[in-house]
1. Average projected area of the Cα convex hull of segment 81-130, in nm²?
2. Measure nothing but the geometry: give the 0 to 90° angle between the long axis through the Cα atoms of 259-274 and the longest principal axis through the Cα atoms of the chain, rounded to 10°.
3. Stokes-Einstein diffusion coefficient for segment 246-319 at 37 °C in a medium of 0.692 mPa s, Rh from the Kirkwood formula over Cα pairs: what value in µm²/s?
4. Run through every distinct alpha carbon pair of segment 159-291 and return the Kirkwood hydrodynamic radius in angstroms, one decimal place.
5. Compute the Rg to Rh ratio over the chain from the alpha carbon atoms, using the Kirkwood formula for Rh, and round to two decimal places.
6. From the P(r) of segment 43-150, could you give the percentage of C-alpha pairs in the tail past 18 Å?
7. Kindly provide the helix-only [θ] at 222 nm of the chain, computed as the sum of -39,500 (n - 2.57) over DSSP H runs of four or more divided by all residues, to the nearest 500 deg cm²/dmol?
8. Which percent of Cα pairs goes in each bin when the distances of segment 68-216 are cut into 10 angstrom slices starting at zero?
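Nothing in this text is a laboratory measurement; each read-out follows from the coordinates by a stated rule. This one's a predicted model, so the numbers in the text were calculated from it and none came from an experiment. Every residue, glycine among them, receives a Cβ derived from its backbone with ideal geometry; neighbour counts consider all protein chains shown.
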Ligand SMILES: Nc1ncnc2c1ncn2[C@@H]1O[C@H](COP(=O)(O)OP(=O)(O)OP(=O)(O)O)[C@@H](O)[C@H]1O
């Protein structure tokens with residue numbers, strides 16, 4: 001009879017991730033106390049005990065936030081894992097959802113905590129289903145390539161490296177494993193609130209995809225990778241065009257490019273400088289104005305994202 005304990009589905013991807021990481025470096029796990037970050041933390045702790053730090057951000061967004069933090073702290077203390085937490089109070093800007101503001105504040109807190117602990121990287125526990133949801137969410141919003149590229153496995157924010165070692169792991173397998181071995185985790189009640197689009201995708205769309213296309217996780221993830229690769233190429237083209245057109249962009253030089261390259265350059269310029277992404281209608285209006293800008297007196301002032309693009313002599317400027 002085989003009595004071996006079932007393996008943590010995060011163990012193999014964590015081992016592979018560590019094999020490519022700098023030896024001796026401390027790693028941080030962003031630990032919400034939910035199923036996924038619990039399994040990731042256990043895998044990281046098993047792979048390199050004493051080298052892993054759990055970081056928790058208390059958003060104070062819901063009444064249970066303090067209970068979540070207490071659970072996370074207790075979980076770590078009883079298993080001899082280092083635990084640090086911080087409070088994030090995120091005021092959301094006009095047009096920004098409280099969840100987006102919370103995510104923004106969370107990255108800032110996680111970076112600060114990880115830097116203070118001398119960690120080389122912060123690991124997030126998003127898995128294959130999260131990636132599929134992100135892609136479907138982007139499609140449902142009519143997103144362009146940057147949105148369809150979904151979540152990268154690695155990125156940098158606030159001077160800290162972030163990684164998603166379990167991006168290809170099946171979410172259901174993680175939960176089943178935790179239940180199987182009796183490890184506790186938090187079930188955030190907002191995850192079932194179908195007022196949130198992501199939850200409607202999770203509870204209504206994904207079961208249908210799963211039934212009709214059993215390999216949906218792999219195929220949709222492949223689409224996201226194709227989109228990410230194409231976006232990197234577009235960024236390269238935009239960077240080269242920006243060198244030729246100048247910064248800020250010279251209108252006369254911009255007009256020498258095809259409209260597609262003009263749009264690509266403008267999106268790149270606005271994203272890099274101000275994290276601003278124009279809507280389709282705003283970009284169409286801007287391109288029309290650039291095409292019509294053939295006289296000295298032609299005035300341009302157009303609302304774009306959270307600011308205005310305007311003509312200033314020979315160049316375009318952005319006023320946030
Ligand atoms: N309050 C938090 N403190 C620290 N890390 C967090 C927190 N909330 C989320 N994270 C990290 O960000 C990742 C993505 O967040 P998301 O909201 O999708 O996860 P979750 O459902 O709250 O938790 P889990 O992924 O652990 O089940 C989590 O996997 C976790 O690594």
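1. Taking a quarter of the hull surface, the average projection is 4.9 nm².
2. Once rounded, one gets 60 degrees.
3. 271
4. 19.1
5. 1.03
6. The calculated P(r) of segment 43-150 puts 62 percent of pairs beyond 18 Å.
7. -15500 deg cm²/dmol
8. Reading the bins upward from 0: 9, 30, 41, 18, 2.
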